[in-house]
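> Have a look at this one.
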Amino acid sequence: MKSKHLYLVLQILLLSAISVHSQNQYFINVNQPLSLTANAGQNTSIAIGTGTQIGGSPSAANGYGGYLYSWDPITGLNDPSLSNPIASPVVTTTYTLHVTDSHGCAAESQVTITTYVDIDELTDFDFIKIYPNPTENILVFNFISFSGLVDIEIYDVLGCQLSIEHYKALQGDQRIIDIGNFANGIYMVLLRSDQCTEKKMILKH
């Protein structure tokens with residue numbers, strides 16, 4: 001009889017132990033980083049012909065590290081794969097930064113570079129003469145000591161490109177461009193070649 005009673009006591013203790021064990025909770029900590037963020041930097045303004053560094057400090061944060069950078073458009077950038085490239089646009093441009101981390105997570109951010117004509121920096125060309133200045137309708141380009149391919153670009157004071165012409169010049173050549181349809185005001189002529197880039201202010205009245 002005692003052995004039967006002892007057996008019942010052992011059964012009760014075993015069931016109690018199983019019940020307590022089944023109520024235990026187990027926790028697993030998973031260390032997950034904060035969401036990936038991109039920072040293209042602050043909007044800014046630059047004079048045409050100059051440049052500025054874009055991107056944040058830093059340009060990417062959080063995520064899993066191992067960041068890859070890509071900017072678009074690539075126009076005016078010294079290297080679109082850098083976190084902080086130099087931007088030298090000749091027209092107002094909004095750049096988008098795309099960031100990808102080592103796990104394939106992605107983020108993006110935008111920055112706008114506004115361009116303008118810096119009249120104080122405009123100087124006479126040493127290899128070409130432009131006249132008349134001021135002018136009412138035409139500009140004459142006299143290539144005094146230049147030969148080669150050249151882009152003749154004209155911008156308004158807000159940095160908007162109004163015209164572009166690709167020209168193969170020979171020393172002593174003259175090229176006439178009609179700006180009679182432009183509104184009266186100040187404009188900038190930008191000459192680009194493999195040899196140099198020059199800019200000059202003109203006045204239409």
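The values are calculated or read from the model by the stated rules, or taken from the named source; none is laboratory data. None of these values were measured; they are calculated from a predicted model. Cβ placement follows ideal geometry from the backbone for every residue including glycine, while neighbour counts extend to all protein chains displayed.
> Can you tell me which residue among N43, N84, N62 is in contact (Cβ under 8 Å) with a residue 12 or more places away in the chain and touching an Asp or Glu at 6+ places or on another chain (Cβ under 9 Å)? Give the derivation first.
Working: N43 fails: touching an Asp or Glu at 6+ places or on another chain (Cβ under 9 Å); N84 fails: touching an Asp or Glu at 6+ places or on another chain (Cβ under 9 Å).
Among N43, N84, N62, only N62 is in contact (Cβ under 8 Å) with a residue 12 or more places away in the chain and touching an Asp or Glu at 6+ places or on another chain (Cβ under 9 Å).
> Please pick out the residue among G66, G55 that is surrounded by 12 or more Cβ atoms within 10 Å (Cβ to Cβ), at pLDDT 55 or above and not in a strand (DSSP E or B).
On the way: G66 fails: surrounded by 12 or more Cβ atoms within 10 Å (Cβ to Cβ).
Of the residues listed, the single one that is surrounded by 12 or more Cβ atoms within 10 Å (Cβ to Cβ), at pLDDT 55 or above and not in a strand (DSSP E or B) is G55.
> Just to be sure I understand, how many residues within segment 76-93 are touching a strand residue (DSSP E or B) at 6+ places or on another chain (Cβ under 7 Å) and farther than 11 Å from I54 by Cβ?
Taking segment 76-93 and keeping what is touching a strand residue (DSSP E or B) at 6+ places or on another chain (Cβ under 7 Å), we get 76-78, 80-87, 89-93.
Keeping just the survivors that are farther than 11 Å from I54 by Cβ gives 81, 90-92.
Result for segment 76-93: 4.
> Could you go through segment 86-93 and let me know if any residue there is more than 16 Å from G41 (Cα to Cα) and not in a loop (DSSP other than H, G, I, E, B).
No, segment 86-93 has no match at all.
> Residues to consider are L162, L170; find the one that is surrounded by fewer than 17 Cβ atoms within 10 Å (Cβ to Cβ), under 26 Å from A47 (Cβ atoms) and not small (G, A, S).
Values: L170 fails: under 26 Å from A47 (Cβ atoms).
Result: L162 is the single residue among L162, L170 that is surrounded by fewer than 17 Cβ atoms within 10 Å (Cβ to Cβ), under 26 Å from A47 (Cβ atoms) and not small (G, A, S).
> What residue, among those in segment 155-180 that are over 12 Å from T135 (Cα atoms) and not in a strand (DSSP E or B), is farthest from the chain's Cα centre (by Cα)?
G172
> Something else now. Step by step: first the residues of segment 177-196, then only those that are surrounded by fewer than 12 Cβ atoms within 10 Å (Cβ to Cβ) and closer than 17 Å to H166 by Cα, then the one that is modelled with the highest pLDDT. Which residue is that?
In the first step, residues of segment 177-196 are kept if they are surrounded by fewer than 12 Cβ atoms within 10 Å (Cβ to Cβ); the result is 178, 180-181, 183-185, 194.
From what's left, closer than 17 Å to H166 by Cα: 178, 194.
Values: D178: 95, D194: 82.
Looking at residues that are surrounded by fewer than 12 Cβ atoms within 10 Å (Cβ to Cβ) and closer than 17 Å to H166 by Cα, I get D178.
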